[in-house]
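Asker: Provided herewith is a single structure, encoded as structure tokens, for subsequent inquiry.
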Amino acid sequence: MLSLEEFAVTRDGRAYRNPDVNFWGVTFTADDNRFYATMSTSGKRYLVRGDVTARRVETMKENVECPSLSPDGSRIAFKEAIDADPAKGWRLSVLDLATMRVTATAETATVDDQAAWLDAGTLAYTLRQSDGRPDVWTVPADGSGTPTLVLPGAESPSPLT
């Protein structure tokens with residue numbers, strides 16, 4: 001059995017080991033070997049890039065959770081803790097992997113979900129109503145437009161390919 005907790009970790013360019021390391025929100029590239037995930041350690045969350053064959057991960061950026069790789073592999077949709085504090089809520093954002101530039105989407109409600117790319121420019125995600133009922137919404141990934149309710153009473157969106 002393969003466990004990410006057994007992979008070699010490089011944090012900020014240096015080998016890193018800590019018993020509190022935890023991973024989630026894995027998204028794979030088209031080759032099924034390279035991946036991105038969230039790594040938590042010492043109270044911080046990082047976007048990591050990993051290699052299954054080499055059994056290693058390296059940190060890329062702090063305050064990135066639940067990454068979702070775009071269809072062309074150039075961007076990561078993610079939830080970003082407001083002021084790096086999850087207690088303040090989450091902002092659905094997109095990271096350009098070439099420039100490391102972050103663009104907030106037009107969704108201003110707290111999105112505590114791993115977004116799914118419906119196509120090269122549209123994200124789908126779950127928002128909960130005040131009574132806890134889920135709804136699936138979409139929003140453009142480039143920060144433009146407005147959020148749109150697409151499936152009331154649904155959650156965990158996934159594109160059909």
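The values are calculated or read from the model by the stated rules, or taken from the named source; none is laboratory data. Given the structure is predicted, the values throughout are model-derived calculations rather than measurements. Counting neighbours? That spans all protein chains shown, and the Cβs are built from the backbone with ideal geometry, glycine included. Just so you know, the surface numbers come from the protein's heavy atoms only, side chains and all, with ligands and any DNA or RNA stripped out. Shrake-Rupley method; radii C 1.70, N 1.55, O 1.52, S 1.80 Å.
Asker: Would you pick out the residues in segment 152-161 that are open to solvent by less than 70 Å² (accessible area, probe 1.4 Å) and more than 21 Å from L69 (Cα to Cα)?
Answerer: If we filter segment 152-161 for residues that are open to solvent by less than 70 Å² (accessible area, probe 1.4 Å), which is where we start, we get 153-154, 157, 159.
Hits for segment 152-161 are G153, A154.
Asker: What pairs come out if I take residues in segment 24-47 that are over 20 Å from P86 (Cβ atoms) and pair them with residues that are charged (D, E, K, R) and open to solvent by less than 70 Å² (accessible area, probe 1.4 Å) whose C-beta lies under 6 Å away, six or more apart or interchain?
Answerer: Pairs found: R34/D51.
Asker: Same structure again: Has segment 77-94 got at least one residue that is in contact (Cβ under 8 Å) with a residue 60 or more places away in the chain, closer than 28 Å to R17 by Cα and open to solvent by less than 60 Å² (accessible area, probe 1.4 Å)?
Answerer: Looking only at segment 77-94, we keep the residues that are in contact (Cβ under 8 Å) with a residue 60 or more places away in the chain, and these are 77.
With closer than 28 Å to R17 by Cα added as a condition, the list becomes 77.
Those left that are additionally open to solvent by less than 60 Å² (accessible area, probe 1.4 Å): 77.
Scanning segment 77-94, I find at least one residue that is in contact (Cβ under 8 Å) with a residue 60 or more places away in the chain, closer than 28 Å to R17 by Cα and open to solvent by less than 60 Å² (accessible area, probe 1.4 Å), so the answer is yes.
Asker: From the list V111, V102, which residue is touching a Leu at 6+ places or on another chain (Cβ under 8 Å), surrounded by 22 or more Cβ atoms within 10 Å (Cβ to Cβ) and of a type in the set (A, V, I, L, M, F, W, C)? Give the derivation first.
Answerer: Details: V102 fails: surrounded by 22 or more Cβ atoms within 10 Å (Cβ to Cβ).
Among V111, V102, only V111 is touching a Leu at 6+ places or on another chain (Cβ under 8 Å), surrounded by 22 or more Cβ atoms within 10 Å (Cβ to Cβ) and of a type in the set (A, V, I, L, M, F, W, C).
For (1) under 27 Å from K44 (Cα atoms); (2) of a type in the set (A, V, I, L, M), each residue gets a yes or a no:
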| site | (1), (2) |
| --- | --- |
| P71 | no, no |
| A87 | yes, yes |
| A98 | yes, yes |
| R101 | yes, no |
| T105 | yes, no |
| G143 | yes, no |
| T148 | no, no |
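Asker: Could you grab me the full set of residues in segment 117-151 that are part of a loop (DSSP other than H, G, I, E, B) and either hydrophobic (A, V, I, L, M, F, W, C) or at positive phi (or both)? Outline the logic, then answer.
Answerer: Step one: filter segment 117-151 for residues part of a loop (DSSP other than H, G, I, E, B), giving 120-121, 129-133, 141-147.
Within segment 117-151, A120, G132, A141, G143, G145 qualify.
Asker: Do any strands (runs of 3 or more DSSP E) entirely within segment 1-76 hold 3 or more residues that are more than 15 Å from V94 (Cα to Cα), touching a Pro at 6+ places or on another chain (Cβ under 8 Å) and open to solvent by 50 Å² or more (accessible area, probe 1.4 Å), and if so, which?
Answerer: In segment 1-76, no matching strands (runs of 3 or more DSSP E) lie anywhere.
Asker: Name the single residue, out of those in segment 114-151 being open to solvent by 70 Å² or more (accessible area, probe 1.4 Å) and of a type outside the set (A, V, I, L, M), that is farthest from the chain's Cα centre (by Cα).
Answerer: D131
Asker: If I filter segment 84-97 for residues that are at pLDDT 95 or above, among the hydrophobic types (A, V, I, L, M, F, W, C), over 12 Å from the mean Cα position of the chain (by Cα) and within 19 Å of A141 (Cα to Cα), do I get at least one hit?
Answerer: Looking through segment 84-97, at least one residue is at pLDDT 95 or above, among the hydrophobic types (A, V, I, L, M, F, W, C), over 12 Å from the mean Cα position of the chain (by Cα) and within 19 Å of A141 (Cα to Cα).
Asker: If you don't mind, another one. Select from segment 78-108 the residues that are in a strand (DSSP E or B) and not acidic (D, E) and list them in ascending order.
Answerer: First, the residues of segment 78-108 that are in a strand (DSSP E or B): 78-81, 90-96, 102-104.
Result: F78, K79, A81, W90, R91, L92, S93, V94, L95, V102, T103, A104.
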